[in-house]
Amino acid sequence: MNRDASFPRYSELLNRTDAPPGSSWGIFGTADELGTLNFLTPEHRKQAAGLVASGNTHSLDLPLDAFPKPLISHRGSLEHNVFGLNEFHRDDRIDNLFPQATSQIDGLRHFGNPDYGFYNDADASKLIAGDPTLGIQRFAEHGIAGRGVLLDVARYLQHTGEPLDFSQPRAIPVNVLDATAEYQGVSLMSGDILMVRFGWVGHRLEQQHLNALDDGAPLVSVGLEPSHATAEWLWDHQVALAAADNVALEAWPASGSKLTVQAEIDGKLAASSHTGMLHRILIPLLGLAIGELWYLDELAQACHDDKRYDCMVVANPLRLPGGVGSPSNAMAIR
């Protein structure tokens, strides 16, 4: 692992007394709104450009209408209208667009921590439409372009004889990420864009095509284990953005979470209102940029074919002031 030793390790963050324990608040500056994207420096981008060999590209986005029935009930289906002012003109309008309904990037105002609030102690009253505080436009202004590393967990577990069962919310611990990286012969470096393939999106689309989905069944997704060990792994590897081809990066639902969070209540330590979701640590405490529902199957096949699991990745979120999230608009260049 190649990391910048000038940044504290997660174990040190947990012992902080000047900020919420386990947080990176202030590490990148008291006014920071980028979080872990600070790890992605111009030098890292320059090095990533050197990974382009064939010039082949792979889109990492699903179609905006990939899920006719929304995966998350409060995120409706888009309505695309094409119209013309005359016979030789066409224009279009999209209504009911939920930026996080398919391949997406979460902004830092997406989740707060129930005990400590939003990233870097941002004023929650400012997290409204039009106010730029913690908006997704910060990611767009900074730019997301760097070395992408694919960990094909689905293929690795198939190789070991433990294929994923997509009917279960299997939580993948960090030792599987390490084993996958070793199996592929790849290692992470500070500032990397991590892409984890579980195969969930491909399976979901296949079942949808076959009309084999149970409309009444609760949403279930394999994903990363919701634990401090996962948060530690991502922070200590100085991942700039962590993306996966599932609905939440972590396993969903978060039942059986290994996260234990305490808060001081009436002078005594007691269980906090933490829901058990890894989101409530990664986004508001660490400032980790998260990608969900990325399409990784095509890229994974190309990586498997030539045994090269790193490439240049470029993502271009919407420059929407005060946006909570955005379509990822991501591409791998090999």
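The values are calculated or read from the model by the stated rules, or taken from the named source; none is laboratory data. Just so you know, these numbers come straight off a predicted model, no measurement behind them. No Cβ is skipped: glycine too gets one built from the backbone with ideal geometry, and neighbour counts run over all protein chains shown. Calculation scope for accessible area: heavy atoms of the full protein, side chains included, ligands and nucleic acids excluded. Shrake-Rupley method; radii C 1.70, N 1.55, O 1.52, S 1.80 Å.
Contact order for the chain, expressed relative to its length and based on alpha carbon pairs under 8 Å spaced 6+ residues apart, stands at 31 percent. Quick check for you: which residues of the stretch 214-251 have the amide N under 15 Å from the point 7 Å beyond the Cα of residue 165 toward its beta carbon? Of the residues in the stretch 214-251, 220-223 have backbone N under 15 Å from the label point off residue 165.
Here the calculated FRET efficiency for residue 208 and residue 46, from their Cβ-Cβ distance with R0 = 51 Å, stands at 0.80, rounded to the nearest 0.05.
For the stretch 4-66, the alpha-carbon coordinates run over 48, 34, 23 Å along the three principal axes, in decreasing order.
What is the magnitude of the charge dipole of the chain about its Cα centre, with +1 placed on the Cβ of each Lys and Arg, -1 on the Cβ of each Asp and Glu, and no other charges, expressed in debye to the nearest 20? Spell out each step's value before the answer.
On the way: 24 positive and 41 negative charges, 64 e Å.
Approximately 300 debye in magnitude.
The Cα atoms of the stretch 167-207 give a gyration tensor whose axes a ≥ b ≥ c have a/c of 1.5 or more with a/b greater than b/c, which makes the shape prolate.
Hydrodynamic radius of the chain by the Kirkwood approach over all distinct alpha-carbon pairs: 20.6 Å. Each part reduced to its alpha carbon centroid, the stretch 50-91 and the stretch 116-160 end up 21 Å apart. Working from Cα pairs under 8 Å separated by at least six residues, relative contact order for the stretch 130-266 is 30 percent. How large a share of the accessible area of the stretch 273-326, in percent, is made up of carbon and sulfur atoms when the probe is 1.4 Å and the other protein chains stay in place? The value for the stretch 273-326 is 53 percent carbon and sulfur by accessible area. Each Cα pair under 8 Å and six or more residues apart adds its sequence gap; the mean of these over the residue count of the stretch 58-175 is a relative contact order of 15 percent.
Heavy-atom accessible surface of the stretch 278-325, averaged per residue, reaches 32 Å², computed with a 1.4 Å probe. Each residue was assigned an accessible area with a 1.4 Å probe, and for residue 39 the value is about 10 Å². The Cα center of the stretch 1-27 and the Cα center of the stretch 165-181 differ in position by 26 Å.
Here each label is just a point 7 Å from Cα along the line to Cβ, and for residue 5 and residue 18 those points are 2.1 nm apart.
Using a simple spin-label model with pseudo-atoms 7 Å out from Cα toward Cβ, residue 69 and residue 217 lie 1.1 nm apart. When shorter helices are ignored and each DSSP H run of at least 4 residues is given -39500 (n - 2.57), the per-residue value for the chain at 222 nm works out to -5500 deg cm²/dmol. Converting phi to 3J(HN,Hα) with the Karplus coefficients 6.51, -1.76 and 1.60 and the offset θ = phi - 60°, the stretch 15-22 yields 9, 5, 10, 8, 7, x, x, x Hz in sequence order, with x at every glycine or proline.
All other residues with a Cβ under 15 Å from the Cβ of residue 81 taken together, and with Lys, Arg as +1 and Asp, Glu as -1, what is their net charge? For residues surrounding residue 81, the net value is -3. Placing +1 on the Cβ of every Lys and Arg and -1 on the Cβ of every Asp and Glu, with nothing else charged, gives the stretch 89-155 a dipole about its Cα centre of roughly 240 debye. Put a plus charge on the Cβ of each Lys and Arg, a minus charge on the Cβ of each Asp and Glu, and nothing anywhere else: the dipole of the stretch 97-202 about its Cα centre is then about 240 debye.
Just for the chain, what percent of DSSP beta bridges are antiparallel, to the closest 5?
65
Solvent-accessible surface of the stretch 12-82, averaged per residue with a 1.4 angstrom probe and all protein chains in place: 55 square angstrom. For residue 312, the residues whose amide H sits under 5 Å from its own are 148, 333, ignoring neighbours fewer than 5 places away on the same chain, with H placed 1.01 Å from N.
Stretching residue 131 away from residue 31 to a fully extended chain increases their span by 34.5 nm, per 0.36 nm per residue minus the current alpha-carbon distance. Sequentially through the stretch 120-132, phi angles give Karplus couplings (6.51, -1.76, 1.60; θ = phi - 60°) of 6, 6, 5, 6, 4, 5, 8, 8, 10, 4, x, 7, x Hz, Gly and Pro residues having no value and appearing as x.
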